[in-house]
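Worksheet: one structure, shown below.
The values are calculated or read from the model by the stated rules, or taken from the named source; none is laboratory data. Because the structure is predicted, anything quoted here is derived from the model rather than measured. Every residue, glycine as well, gets a Cβ built from its backbone with ideal geometry; the counts of neighbours run over all protein chains shown. Keep in mind that these areas ignore ligands, DNA and RNA; they rest on the heavy atoms of the full protein, side chains included. Shrake-Rupley method; radii C 1.70, N 1.55, O 1.52, S 1.80 Å.
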Amino acid sequence: VKQFLDNMCNVGLHFVLIMLVLGKFGITASSVIAVIGSVGLSVGLALQGTLSNFAGGVLILILKPFKVGDYICEDTHGNEGTVSEIQLCYTKLLTVDNKTVVLPNGSLSNSSLTNLTQQNKRRIDITVGISYDADIRRAKQVISDVLEQEKNCMTNEEPYHVFVDSLGDSAVVIGIRVWVKTEDYWETRWRITENVKYALDEHQIEIPFPQVSVSVKS
């Protein structure tokens, strides 16, 4: 709100300054208003996009789908990043590789977006394939042991789940679901994925690659 009002005051004070300067040249405010009224339709059509973005900015501040500091993903074009600034007509996102993405408020208010940090916890979903020759019960126990040792898992609030997700062409797909705090999501996901690989290798449980059997007829 502070950023939005700061931009609004900036524009308003520039307008007042222009009116004061015109007054020094003998041009009255009523004359300026009359001119603006006569060309109002043309100006309105020319600024249609800008007015739409301004209205979108007001809606964002009222409805609060996101705020400064939230990490959002715009579903229409796939732009994502941390909201760094909400201006009169545009919202600025800071990407993870330190790029600034400028998005019009009109499109943000009229399209779907995903707020990834609004909630205080997130669920990690990981899948890993094991060989059809492997012992499924043993593999699930090995993965469960990895999750038991993971410090960021919210096992007290939401129990983790290790299950057979599907039977693929070349592997039995094991699914892993665990809840963590939002700020720990990526660090925990990467660590679990790495530790599951180490644990399966240690217990000689194969993670197969896609295989195709080819028969050649002479």
Response to the item:
Of those in region 114-125 that are closer than 17 Å to Ile176 by Cα and open to solvent by less than 70 Å² (accessible area, probe 1.4 Å), the residue nearest to the chain's Cα centre (by Cα) is Arg122
Worksheet, complete the sentence: Of the listed residues (Val68, Val102, Val96, Val128), the one being touching a residue at least 24 places away in the same chain (Cβ under 8 Å), hydrophobic (A, V, I, L, M, F, W, C) and either part of a loop (DSSP other than H, G, I, E, B) or loosely packed, with under 14 Cβ neighbours inside 10 Å (or both) is Val68
Fill in: Single unsatisfied condition, Ser109 versus (1) at pLDDT 95 or above; (2) in contact with a Gly (Cβ under 9 Å, 6 or more places away or on another chain); (3) outside any strand (DSSP E or B)
(1)
Worksheet entry | Flag for Thr155 being of a type outside the set (D, E, K, R), under 30 Å from Leu116 (Cα atoms), in a loop (DSSP other than H, G, I, E, B) and open to solvent by less than 70 Å² (accessible area, probe 1.4 Å) | yes
Practice prompt. Enumerate the pairs (first residue in region 72-84 and outside any strand (DSSP E or B); second residue anywhere and among the hydrophobic types (A, V, I, L, M, F, W, C) and surrounded by 12 or more Cβ atoms within 10 Å (Cβ to Cβ)) with beta-carbon separation below 8 Å, excluding pairs fewer than 6 apart on the same chain, so at least 6 apart or on different chains.
Written response: Asp75/Leu113; Asn79/Cys73; Asn79/Leu93; Asn79/Val101; Asn79/Leu103
Worksheet entry | Residues located in region 159-214, provided they are open to solvent by 70 Å² or more (accessible area, probe 1.4 Å) and more than 31 Å from the chain's Cα centre (by Cα) | Leu167, Asp169, Asp201, Glu202, Gln204, Glu206, Phe209, Pro210, Gln211, Val212, Ser213, Val214
Practice prompt. Of the numbered conditions (1) hydrophobic (A, V, I, L, M, F, W, C); (2) farther than 30 Å from Gly69 by Cβ; (3) not in a strand (DSSP E or B), Trp190 fails exactly one; give the number of that condition.
Written response: (2)
Fill in: Selection status of Ser111, touching a residue at least 60 places away in the same chain (Cβ under 8 Å), more than 12 Å from the chain's Cα centre (by Cα) and surrounded by fewer than 17 Cβ atoms within 10 Å (Cβ to Cβ)
no
